[in-house]
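The values are calculated or read from the model by the stated rules, or taken from the named source; none is laboratory data. Because the structure is predicted, anything quoted here is derived from the model rather than measured. Neighbour counts are summed over all protein chains in view; Cβ atoms, including those assigned to glycine, are modelled from backbone coordinates with ideal geometry.
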Amino acid sequence: MDLYSLLREFADSWVLLALTLFFVGVVFWAWRPGSRKMHEDSANIPFRHDDKPAGAACCDGSGSGCGGSKFKEAQQ
């Protein structure tokens, strides 16, 4: 038996089974009962610090731009 035929037979049987089991495992992991809180937390990341509208910090009337000093303080 040449190498190509051996690898082809292996891929057609055992690798297909391994990838199918991997897929089922990933689907089970994503839809497991305890993951609802984690998925809801991840989905709400953009809304965590949503106290004011987005333009409220930039429209202070000083003409200094949007969050200049606050941005520098946050970097330090």
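When the range 29-53 is examined, which residues are found to be surrounded by 10 or more Cβ atoms within 10 Å (Cβ to Cβ) and not charged (D, E, K, R)? I'd like the intermediate steps shown before the answer.
So the first thing to find is which residues in the range 29-53 are surrounded by 10 or more Cβ atoms within 10 Å (Cβ to Cβ), and the list is 31-32, 35-36, 38-39, 41, 44.
Result: Trp31, Ser35, Met38, His39, Asn44.
Could we say that Leu6 is surrounded by 10 or more Cβ atoms within 10 Å (Cβ to Cβ), modelled with pLDDT under 90, in a helix (DSSP H, G or I) and out of contact with any Phe, Trp or Tyr (no Cβ under 7 Å at 6 or more places or on another chain) here?
Numbers: surrounded by 10 or more Cβ atoms within 10 Å (Cβ to Cβ): yes; modelled with pLDDT under 90: yes; in a helix (DSSP H, G or I): yes; out of contact with any Phe, Trp or Tyr (no Cβ under 7 Å at 6 or more places or on another chain): yes.
Yes: the conditions hold for Leu6.
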